[in-house]
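The values are calculated or read from the model by the stated rules, or taken from the named source; none is laboratory data. Keep in mind that what you see is a predicted model, and the values were worked out from it rather than measured. Quick reminder, even Gly has a Cβ in these numbers, built from the backbone with ideal geometry, and neighbours come from all protein chains shown. The protein model used for the area step is the full one, side chains on, heavy atoms only, and it has no ligands, DNA or RNA in it. Shrake-Rupley method; radii C 1.70, N 1.55, O 1.52, S 1.80 Å.
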Amino acid sequence: SESNSVSKLGQIIEETDALVAISAITPDKGRDIKTFMRNLSMIENLSEFLAGSPCAHVVYISSDAVYDDDSHPVREESCCSPASFHGLMHLARERMLAATLQEAGTPLMILRPSLLYGAADTHNGYGPNRFMRQAGEGSAISLFGNGEEKRDHVYISDLSSLIRLCLENKSEGTLNVATGSSVSFADVARYAVDLQGNDSNVECNPRSNPITHRHFDTTETIKAFPSFAFTALEDGLAQIARSGRNND
């Protein structure tokens, strides 16, 4: 978001390069208007650069937060009506890049991942990342209500693989990154405890928000990359557990 970033990009990116735009201030760092505007500023500067110095291909990593909470199941053509500044930010950035790159004639691929998890995650968000850490420490895992909500959890390596496929194929358009299998947070917590093998317990707490679920229709992903297969949640969590033991 620095004012001199446009000139800095000019020293790095060449016309034959593909660019993956993934930088953002995440919700754990801020959910307010100031954070929203700083995130827009990043893509404003990037768009200014791309308008004058086009590259060969752009892949933007967005989020499923752009969709209306009532979309069931979520498809690429589902209504985009974000309920948070985070979702609104991604939707605005998508459209900023789309307008800029259409004029420049540069292909744009937008990927909208569901909830991501992986061993090196730094956000400690509610779900696999936090639960695996808590179970690994032998701490209690605290659920909202009974953990009934179902979400589609995506292993970070799968997102990396899809980015690679998009780059190799110079893909254009919009694609959700979701497994098509939604799992409750209660089940994620049980997997974590079983895999880490400690004396962690799962605690249920009074609920302050209504129960919501999110399911995805993955038809477009299958059509785009028919040989690609997502990592099952149990397998992804097992890889995290092994990674932790190898680092001990």
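Miscellaneous remarks
- Cα-Cα P(r), region 120-248, percent of pairs per 10 Å interval: 12, 38, 31, 16, 3
- Antiparallel bridge percentage (DSSP; both residues within the chain; nearest 5): 10
- Solvent-accessible heavy-atom area per residue, rounded to whole Å², over the chain at 1.4 Å: 51
- Cα-projected label distance for GLN11 with ARG207, points at 7 Å along beta-carbon direction, nm: 5.4
- Highest mean packing first, where packing is the average number of other Cβ atoms within 10 Å per residue, the peptides 39-52, 72-85 line up as 39-52, 72-85.
- Projected onto its three principal axes, the C-alpha set of the chain covers 58, 38, 36 Å, listed from the longest axis down.
- Distance from the alpha carbon centroid of region 81-152 to that of region 173-226 works out to 12 angstrom.
- Expressed as a whole percent, the accessible surface of the chain that belongs to carbon and sulfur atoms is 48, based on a 1.4 Å probe.
- Those residues of region 1-31 whose amide nitrogen sits under 15 Å from the label point placed on ALA51, 7 Å along Cα→Cβ: 6-7
- Subset of LYS8/LYS150; LYS150/LYS223; LYS8/LYS29; LYS8/LYS170 violating a 32 Å alpha-carbon distance limit: LYS8/LYS150
- Mean Cβ neighbour count within 10 Å, used as a protection proxy, ranking 143-149, 19-25 highest first: 143-149, 19-25
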